[in-house]
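To keep things clear, I will list the structure first and then write my remarks on it.
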Amino acid sequence: MGGAVELALAGGRLHLLAERAVFLPEHSTLLVADAHVGKAVSFRRLGVPVPQGTTAAMLLTLTRLIDATRAERVVFLGDFLHSSAAHAESTQKALAEWRRRHATLALTLVRGNHDMHAGDPAPLLRIAAHDEPLHLGGLALCHHPRSVAGYYALAGHLHPCVSAAARARDRLRLPCFWFTQSPSRRLGILPAFGAFTGMQEIARQPGDRVFAVATDRVLELP
């Protein structure tokens, strides 16, 4: 895909996508972390004025990725649902309609901390839910950043970002993919897929590889 970066890792290839997802071509699998479906409706119920249509926008982006990569499976690396408010009728209706359009697609959830409170997705969505880690080839798919002996772990949870200098002494905060490679910590962290999420600036260490998402492309930082 345009703007993507290919990375060799754990005996396979990872395509880092500008849409803040990872495609594993050997497994025909898309990895998506921290979708946080229903976060906007959760905030609106608390009286916080936030944008509408975030779930529809997220599902549209996911559809475009599936079509472009021809993925046969999507694995959500935790926090698929933001809270119990994500079970609101309008949100569930949008998810159900999207699922009907992708009836043959395999969907898997590696449970995150928000999923533990929100509960598993509705049965009609046919999303197989697992506790972490979920092994896939040489990868251990997780939500919480952690080391898994014998595997390279991929996780979410942190919503990582980096700061970059901009004009007039401004600084931009860009979501990023963050990969460590040391004997004690073999871990990659994906940016949050959901648009209505906060970000946490990373504490980069020597030897780390960081790939920033700059609108429509992924760029490795020196």
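Residues in the stretch 209-217: is at least one under 30 Å from Ser90 (Cβ atoms), among the basic types (Lys, Arg), open to solvent by 10 Å² or more (accessible area, probe 1.4 Å) and touching a strand residue (DSSP E or B) at 6+ places or on another chain (Cβ under 8 Å)?
Among the residues of the stretch 209-217, not one is under 30 Å from Ser90 (Cβ atoms), among the basic types (Lys, Arg), open to solvent by 10 Å² or more (accessible area, probe 1.4 Å) and touching a strand residue (DSSP E or B) at 6+ places or on another chain (Cβ under 8 Å), which makes the answer no.
Residue by residue through the stretch 175-214, note down the ones that are outside any strand (DSSP E or B) and closer than 18 Å to Val22 by Cβ. Step through it out loud before you land on a result.
The first filter runs over the stretch 175-214 and keeps only residues outside any strand (DSSP E or B), leaving 183-184, 190-199, 202-208.
Residues satisfying the conditions are Leu190, Pro191, Ala192, Phe193, Gly194, Ala195, Thr197, Met199, Ile202, Asp208.
Out of the stretch 19-35, which residues are touching a residue at least 60 places away in the same chain (Cβ under 8 Å), open to solvent by less than 40 Å² (accessible area, probe 1.4 Å) and under 19 Å from Ala195 (Cβ atoms)? I'd like the intermediate steps shown before the answer.
Keep residues of the stretch 19-35 that are touching a residue at least 60 places away in the same chain (Cβ under 8 Å), which gives 19-22, 24, 26-27, 29, 31-35.
Now restrict to residues that are open to solvent by less than 40 Å² (accessible area, probe 1.4 Å): 21-22, 24, 29, 31-35.
Once the filter is applied, which keeps residues that are touching a residue at least 60 places away in the same chain (Cβ under 8 Å), open to solvent by less than 40 Å² (accessible area, probe 1.4 Å) and under 19 Å from Ala195 (Cβ atoms), the stretch 19-35 yields Ala21, Val22, Leu31, Val32, Ala33, Asp34, Ala35.
Take the residues in the stretch 152-166 that are of a type in the set (A, V, I, L, M, F, W, C) and not in a loop (DSSP other than H, G, I, E, B); name whichever of them is most open to solvent (accessible area, probe 1.4 Å).
At the first step, the residues of the stretch 152-166 found to be of a type in the set (A, V, I, L, M, F, W, C) are 153-155, 158, 161-162, 164-166.
From what is left, the residues that are not in a loop (DSSP other than H, G, I, E, B) are 153-155, 161-162, 164-165.
On the way: Ala153: 0, Leu154: 0, Ala155: 0, Cys161: 0, Val162: 18, Ala164: 32, Ala165: 80 Å².
Residue satisfying both the conditions and the ranking: Ala165.
Go through the stretch 187-207 and give me each residue that's surrounded by 16 or more Cβ atoms within 10 Å (Cβ to Cβ) and over 16 Å from Ala33 (Cα atoms).
Passing the criteria: only Ile202.
With the requirement that a residue be open to solvent by 60 Å² or more (accessible area, probe 1.4 Å) and at pLDDT 95 or above, what does the stretch 9-18 give you? Working first, answer last.
Filtering the stretch 9-18 for residues open to solvent by 60 Å² or more (accessible area, probe 1.4 Å) gives 11, 13.
Result: Arg13, single match.
Out of the stretch 26-84, which residues are modelled with pLDDT of 95 or more, among the β-branched types (Val, Ile, Thr) and in a strand (DSSP E or B)?
Selection gives Thr29, Val32, Val74, Val75.
What about Ala129, is it among the aliphatic types (A, V, I, L, M), more than 14 Å from Asp79 (Cα to Cα) and more than 14 Å from the chain's Cα centre (by Cα)?
Working: among the aliphatic types (A, V, I, L, M): yes; more than 14 Å from Asp79 (Cα to Cα): no; more than 14 Å from the chain's Cα centre (by Cα): yes.
No, not satisfied.
The values are calculated or read from the model by the stated rules, or taken from the named source; none is laboratory data. Just so it is clear, the structure is predicted and the values come from calculations on it, not from any experiment. Methodologically, a virtual Cβ is constructed for each residue, glycine included, from the backbone with ideal geometry; neighbour enumeration extends over all protein chains shown. Areas reflect the complete protein model, heavy atoms only, side chains present, ligands, DNA and RNA absent. Shrake-Rupley method; radii C 1.70, N 1.55, O 1.52, S 1.80 Å.
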